[in-house]
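*Asks:* Pasting a structure below so you can have a look.
The values are calculated or read from the model by the stated rules, or taken from the named source; none is laboratory data. Remember, predicted model here, so these are calculated numbers, not experimental data. Glycine gets a Cβ as well: all are built from the backbone with ideal geometry, and neighbour counts include every protein chain shown.
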Amino acid sequence: MSILEVRDLTVTFPGGIEAVRGVSYEVERGEVLGIVGESGSGKSVTSLAVMGLLPQNAVVSGSVKLHGRELLGMKEDELVKVRGKAISMIFQDPLSAFTPVYTIGDQIAEAVRVHQKMAKDKAAKRAVELLDLVGIPNPNLRAKAFPHEFSGGMRQRAMIAMAIANDPDLLICDEPTTALDVTIQAQVLEVLKTAQRETGAGIVMITHDLGVIAGMADRVLVMYAGRPVEQGPVDDIYYRPRMPYTMGLLASIPRVDGEEGPLVPIEGNPPSPASLPPGCPFAPRCPMKVDMCDDEEPPLTPFGGGRHVACIRAHEIEHKGLTGADVFPVPVIPPSDVVRVPRTERATVLELDGMKKHYPLMKGAIFKRRVGTVFAVDGISFDIAEGETLALVGESGCGKTTTLQQIMQLEPPQDGRVVVLGKDSAKLDKTARKALRGDLQIVFQDPMAALDPRMPVGDIIAEPLRAHGRKDVAAKVAELLRLVGLAPEHAERYPQQFSGGQRQRIGIARALALEPKLLVLDEPVSALDVSIQAGVINLLEELKNRLGLSYLFVAHDLAVVRHLADRVAVMYLGRIAEIGAVANVYDRPAHPYTQALLSAIPLPDPEMERTRKRILLEGDLPSPADPPSGCRFRTRCPKFARLSEAERRRCVDEEPSVARLANVVDHGAACHYAEEIEVITASDNQEEE
Amino acid sequence: MGKYLLRRLAINVILVAIAASLAYMLAATTMNPRAAYEGRQPPVPEATIDATLDAYNLNDKTPVLTRYATWAKGVVTGDFGKTWNGGSVNQEMGRRVMVSLRLLLIGTLLGFALGVALGAFSAVKQYKLSDRLIGVTSFVIMAIPVFVLATLLAIATYNLNRGLGFTLIEYTGEYNPQLSGWDQFVNRLNHLILPTISLSLGSIAFYSRIQRNMMLDVLGQDFVRTAMAKGLRRRKALTKHALRTALIPSATYFAFAFGTMFTGATFTEKIFNWHGMGAWLVDSINQNDVNSVAAVTFFAAVCVLAAAFLSDLLVAALDPRVRVS
């Protein structure tokens, strides 16, 4: 019998906004149900409705049964006995999910004591045991720490410890790893699997990351505009999707093991829940739309083999064996003229040579004193040739953003050199610096925060033009809007009238206004939904080829990097660990950190995820104020652990610098014992062979 | 930590010295204590006036810097000098601080506690009738100056007492000196009712607005949802997790209000006829009493700096994120 049974759940918010419009699913014991959807699809609201945690002004109808007991409409007295006991929930952002003023141990003990009659000291001991179970080192000490003293990954572990404190039958995980770095994500997913083994609970896993779902879920529910549009076993959904939205979603995600070339975007935007189109809500974006689609919303109908699909053309898709790439138009991106010239003969647009940026570490609320140094960027060198994209990747805290800021400032660095378009930043005067800013522009991560909400889009784009005293601004703005796929009429509107993807296009238009030669892209697509992301990536690729731009691209998503970049530099604690052409680094990574990073990325491919061998890193990134001696990665390095005592000495004493690997032209790694291996598709089976 | 406190203390001493010196200079150069002795009937000989003023260090014929030096020397040894008519400023201050403390302590604490409770309640009931009612009432009270409010209260009580034919609520003075023991204690409490209401109404209105906003910020946060997901009742999640966190910013306001309460209630003291610090400041300015003005200012400076320190202590106690490790 299933643990949880949800039937025709609907949630309506004031103003007639139907956030969830009829969701049904059940979860068996020990089963993982994945719920996938983009932001606004109603996946989080569904799970909050199950927990009874929605704001009081939300109207919920339908049925939610736990072990056959109806939860909707239950009195608070009864409901508090279910929450945290039979059903637990893990939230997305583990920093804001803990009360900042109580210790982690107290908060876990509180969860224990709400449901079990237990003395305070016993509950505290139980909290320590739980922290130990989820792999927190020194749980005795760490239980007395406050949430802000934990790193993101540790907090999410503690969150899991709290969720499993009362041996729940069902765990609801709402984007549990979205806020984490990939290597930490891999650790946390392992902990979740352990937690499931320990408790035998069913799991509802809500995420937008199709890679995470592929590795975790047994069954998948795809949501769009508040309704499930496809449901079935994980393999069927990934290998034989029968609803155009699912097909498009799978085709639009860049893959770390994927081919280069344009991605397949889904045109348009998800509908607003306040104004749904008539008929199928996906119809306006669907390439397979026929007139009948507008007549009526197709119900989720059984399709055989435990599958349900909400599409009138599902049988046709099945019959013809169509995939996303067949159905959705693949954009054609004109090739670049520049890249025909060999790299060595092209001009260098950006050169960094041993650049350093150290921050003083200050302490004290009123009387500040210096207690140390943060080695944010500690001597990095790379160059970008004309028409080339270099991606800077690494986990949070590795110095990517500091590097960007240092380049954008055009000031002399503390040490080393920054040369932009042949001009050394240390030798610039004020006018030269301003002139150079026109050639060096930036696109920011969060498109909402980067655009002034009180300025019309036309003024936003015109601002750099006016600042540099250009004439004929209006015509140029219209041209730029067309260039990024918007209409000139849009110049009159304000940023909040645009969707996330469109806002990012506005940000790109502004960056292109001065016709720069080098564009710095700071995580340009990480705040966007998958189906929108593909369109922006294609736009960037097309602009680069058409306008002969060079990109410095900062990202933590290695799959996006593989698509967009020509070369990649992997950073770790302010140093470059590995650098080279994308194909070399991805297919034959030589640095143990790159290897771990690549193997940690989940692939949207259930078959491969099941057999894949992961290199799990231990612990968190060390503090950049106190980096380990010698090789900075050695404290977490899986290779270091396997070395002999004599070999290890070299790692401890001598800091490795980037050395070119012997057999290829463009590939270097900063490891004394670099060894190229294949990790992305490495599986257990291969190991045995 | 000890070193940090010492350094902080040293800076505070300097700040108090500057504030008090400036106040003394201002008072000594603009006020004219001689006026109180001149023009008396029968006239006092000028030599006698000079001798009296010299004895009190108030003679405007002595250069101001010399007077300042005498005054400063006294202050360093803990002597604030003489009032315009020869009384001890120290004694007067000691008495008046206690009066102010008795008058204001209950009102200040009550204002904070009720204000926070009302604000938190208001936030939980956002946009409901009770929230709107509390909001409108708060703004009405904040819009009425305290002297109007206090006078209205006094008039209302006067009419009430007259209507009843006996004194139910006292509306002037601190206590009835004819009573003793338990009766006097009850009488003192009775005298406190009106000033406490007039003082706390304003602070309740003020704190409830601040606390409502702080609480609303916190209510939408994930950790309140987490607390409920653990199985806590809504009420417990709101008080233990939300209110506790939302108290941190209000604590700063409270600390400053607490520190400045001694000199901040001039109107209340004057209207209800309590002889506290606030009333003293006004009286001593009227009487050209240089040393008393300087003493009140000195005391106020000490209070403000103590309040700043108290606020740091309170915030550190409430918020583990700012504790110095």
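*Asks:* Confirm whether A:GLU655 is in contact (Cβ under 8 Å) with a residue 12 or more places away in the chain and either buried (at least 18 other Cβ atoms within 10 Å of the Cβ) or more than 20 Å from A:ALA391 (Cα to Cα) (or both). Steps first, answer last, please.
*Replies:* Details: in contact (Cβ under 8 Å) with a residue 12 or more places away in the chain: yes; either buried (at least 18 other Cβ atoms within 10 Å of the Cβ) or more than 20 Å from A:ALA391 (Cα to Cα) (or both): yes.
Yes, satisfied.
*Asks:* In the list B:GLY173, B:GLY181, which residue meets the criterion of being farther than 30 Å from B:LEU247 by Cβ, of a type in the set (Gly, Ala, Ser) and within 21 Å of the chain's Cα centre (by Cα)?
*Replies:* Testing whether each residue is farther than 30 Å from B:LEU247 by Cβ, of a type in the set (Gly, Ala, Ser) and within 21 Å of the chain's Cα centre (by Cα) leaves just B:GLY173.
*Asks:* Quick test for you: out of B:ASN85, B:ASN159, pick the one residue that is assigned to a loop (DSSP other than H, G, I, E, B) and of a type outside the set (A, V, I, L, M, F, W, C).
*Replies:* Values: B:ASN159 fails: assigned to a loop (DSSP other than H, G, I, E, B).
Among B:ASN85, B:ASN159, only B:ASN85 is assigned to a loop (DSSP other than H, G, I, E, B) and of a type outside the set (A, V, I, L, M, F, W, C).
*Asks:* Take B:LEU194 and decide whether it is touching a residue at least 60 places away in the same chain (Cβ under 8 Å), under 30 Å from A:ALA163 (Cα atoms) and part of a helix (DSSP H, G or I). Write out each step before concluding.
*Replies:* Details: touching a residue at least 60 places away in the same chain (Cβ under 8 Å): yes; under 30 Å from A:ALA163 (Cα atoms): no; part of a helix (DSSP H, G or I): yes.
Taking the combined requirement at face value, the residue does not satisfy it.
Results for (1) surrounded by 18 or more Cβ atoms within 10 Å (Cβ to Cβ); (2) more than 12 Å from every other protein chain (Cβ to nearest Cβ), shown as yes or no for each residue.
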{"residue": "B:TRP182", "(1), (2)": "no, yes"}
{"residue": "B:LEU189", "(1), (2)": "no, yes"}
{"residue": "B:SER203", "(1), (2)": "yes, yes"}
{"residue": "B:ASN213", "(1), (2)": "no, yes"}
{"residue": "B:LEU247", "(1), (2)": "yes, no"}
{"residue": "B:PHE256", "(1), (2)": "no, yes"}
{"residue": "B:GLY264", "(1), (2)": "yes, yes"}
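*Asks:* Here's something else I'd like to know. Quick one: what pairs do we get from the range B:36-64, first residue small (Gly, Ala, Ser), second surrounded by 11 or more Cβ atoms within 10 Å (Cβ to Cβ), C-beta under 8 Å, 6+ apart or different chains?
*Replies:* Going by the 8 Å Cβ cut-off, the qualifying pairs are B:ALA36/B:TRP84; B:ALA36/B:ASN85; B:ALA36/B:GLN287; B:ALA36/B:ASN288; B:ALA55/B:LYS82.
*Asks:* Before we move on, is A:GLU76 within 11 Å of chain B (Cβ to nearest Cβ) and either over 27 Å from A:LEU189 (Cα atoms) or in contact with a strand residue (DSSP E or B) (Cβ under 7 Å, 6 or more places away or on another chain) (or both)?
*Replies:* Numbers: within 11 Å of chain B (Cβ to nearest Cβ): yes; either over 27 Å from A:LEU189 (Cα atoms) or in contact with a strand residue (DSSP E or B) (Cβ under 7 Å, 6 or more places away or on another chain) (or both): yes.
In short, yes.
*Asks:* While we're looking at this one, here's another question. Can you find even one residue in the range A:586-596 that is under 23 Å from the mean Cα position of the chain (by Cα), within 22 Å of A:VAL191 (Cβ to Cβ), at pLDDT below 90 and not in a strand (DSSP E or B)?
*Replies:* No, the range A:586-596 has no match at all.
*Asks:* Moving to a separate point now. Can you tell me which residue is nearest to A:GLU515 (Cα to Cα) among those in the range A:460-501 that are in contact (Cβ under 8 Å) with a residue 24 or more places away in the chain and of a type in the set (Asp, Glu)?
*Replies:* A:GLU463
*Asks:* Restricting to the range A:105-147, what's the tally of residues that are free of Cβ contacts under 8 Å to residues at least 24 places away in the same chain and either part of a loop (DSSP other than H, G, I, E, B) or of a type in the set (Val, Ile, Thr) (or both)?
*Replies:* Counting residues in the range A:105-147 that are free of Cβ contacts under 8 Å to residues at least 24 places away in the same chain and either part of a loop (DSSP other than H, G, I, E, B) or of a type in the set (Val, Ile, Thr) (or both) gives 5.
*Asks:* Quick test of your reading of the structure: A:ALA462 fulfils all but one of (1) over 31 Å from the mean Cα position of the chain (by Cα); (2) surrounded by fewer than 20 Cβ atoms within 10 Å (Cβ to Cβ). Name the failing condition by number.
*Replies:* Answer for A:ALA462: the failing condition is (2).
*Asks:* Only one of these is closer than 28 Å to A:GLY152 by Cβ, modelled with pLDDT of 90 or more, under 27 Å from the mean Cα position of the chain (by Cα) and buried (at least 17 other Cβ atoms within 10 Å of the Cβ): A:VAL50, A:VAL101. Name it.
*Replies:* Values: A:VAL101 fails: under 27 Å from the mean Cα position of the chain (by Cα).
Result of the check over A:VAL50, A:VAL101: A:VAL50.
*Asks:* Closer than 26 Å to A:ARG562 by Cβ, not acidic (Asp, Glu) and not in a helix (DSSP H, G or I): does that describe A:LEU390? Before you say what the answer is, go through the steps one by one.
*Replies:* Details: closer than 26 Å to A:ARG562 by Cβ: yes; not acidic (Asp, Glu): yes; not in a helix (DSSP H, G or I): yes.
Yes.
*Asks:* Against the conditions (1) at pLDDT 90 or above; (2) assigned to a helix (DSSP H, G or I); (3) surrounded by fewer than 18 Cβ atoms within 10 Å (Cβ to Cβ), where does A:SER381 fall short? Just the number, please.
*Replies:* Just one mismatch for A:SER381, condition (2).
*Asks:* When the range A:548-561 is examined, which residues are found to be over 17 Å from A:ASP209 (Cα atoms) and either modelled with pLDDT under 90 or in the same structural domain as A:ILE601 (by TED's automatic domain parsing) (or both)? Let's see the steps before the verdict.
*Replies:* Taking the range A:548-561 first, the residues over 17 Å from A:ASP209 (Cα atoms) are A:548-554.
Across the range A:548-561, the qualifying residue is only A:GLY548.
*Asks:* Give the number of residues within the range A:469-500 that are surrounded by fewer than 15 Cβ atoms within 10 Å (Cβ to Cβ), outside any loop (DSSP other than H, G, I, E, B) and among the small types (Gly, Ala, Ser).
*Replies:* The qualifying residues number 2.
*Asks:* Among the residues of the range A:17-26, is any surrounded by fewer than 19 Cβ atoms within 10 Å (Cβ to Cβ), part of a loop (DSSP other than H, G, I, E, B) and among the aliphatic types (A, V, I, L, M)? Step through it out loud before you land on a result.
*Replies:* From the range A:17-26, those surrounded by fewer than 19 Cβ atoms within 10 Å (Cβ to Cβ) are A:17-18, A:22, A:24, A:26; that's our starting set.
Imposing the further condition that a residue be part of a loop (DSSP other than H, G, I, E, B) reduces the set to none.
No, the range A:17-26 contains no residue that is surrounded by fewer than 19 Cβ atoms within 10 Å (Cβ to Cβ), part of a loop (DSSP other than H, G, I, E, B) and among the aliphatic types (A, V, I, L, M).
*Asks:* List the residue pairs whose Cβ atoms are under 7 Å apart, where the first residue sits in the range A:289-306 and is aliphatic (A, V, I, L, M), the second is assigned to a loop (DSSP other than H, G, I, E, B), and the two are 6 or more positions apart or on different chains.
*Replies:* A:MET292/A:ILE312; A:LEU300/A:ALA310
*Asks:* In the set B:GLY78, B:GLY115, B:GLY94, which member is surrounded by fewer than 20 Cβ atoms within 10 Å (Cβ to Cβ) and under 20 Å from the mean Cα position of the chain (by Cα)? Please lay out each step first, then the result.
*Replies:* Details: B:GLY78 fails: under 20 Å from the mean Cα position of the chain (by Cα); B:GLY115 fails: surrounded by fewer than 20 Cβ atoms within 10 Å (Cβ to Cβ).
Of B:GLY78, B:GLY115, B:GLY94, the one residue that is surrounded by fewer than 20 Cβ atoms within 10 Å (Cβ to Cβ) and under 20 Å from the mean Cα position of the chain (by Cα) is B:GLY94.
*Asks:* Return a yes/no flag: does the range A:617-639 have any residue that is assigned to a loop (DSSP other than H, G, I, E, B), within 27 Å of A:ARG255 (Cβ to Cβ), out of contact with any strand residue (DSSP E or B) (no Cβ under 9 Å at 6 or more places or on another chain) and aliphatic (A, V, I, L, M).
*Replies:* Looking for residues that are assigned to a loop (DSSP other than H, G, I, E, B), within 27 Å of A:ARG255 (Cβ to Cβ), out of contact with any strand residue (DSSP E or B) (no Cβ under 9 Å at 6 or more places or on another chain) and aliphatic (A, V, I, L, M), one finds at least one in the range A:617-639, hence yes.
*Asks:* I've got another one for you. Looking at (1) within 14 Å of another protein chain (Cβ to nearest Cβ); (2) part of a loop (DSSP other than H, G, I, E, B), which is the only condition A:SER396 fails?
*Replies:* Looking at each condition in turn, A:SER396 falls short on (1).
*Asks:* Consider the range A:148-180. How many of its residues are at pLDDT below 85 and either of a type in the set (Ser, Thr, Tyr) or assigned to a loop (DSSP other than H, G, I, E, B) (or both)?
*Replies:* Number of matching residues: 4.
*Asks:* Also, I was wondering about something else. Among the helices (runs of 4 or more DSSP H) contained in the range B:244-325, which hold 2 or more residues that are more than 30 Å from A:PRO147 (Cβ to Cβ) and at pLDDT 90 or above? Give the steps one after another, and end with the answer.
*Replies:* Numbers: elements: B:244-260, B:266-271, B:277-286, B:290-318.
Of the helices (runs of 4 or more DSSP H) lying wholly inside the range B:244-325, those with at least 2 residues that are more than 30 Å from A:PRO147 (Cβ to Cβ) and at pLDDT 90 or above span B:277-286, B:290-318.
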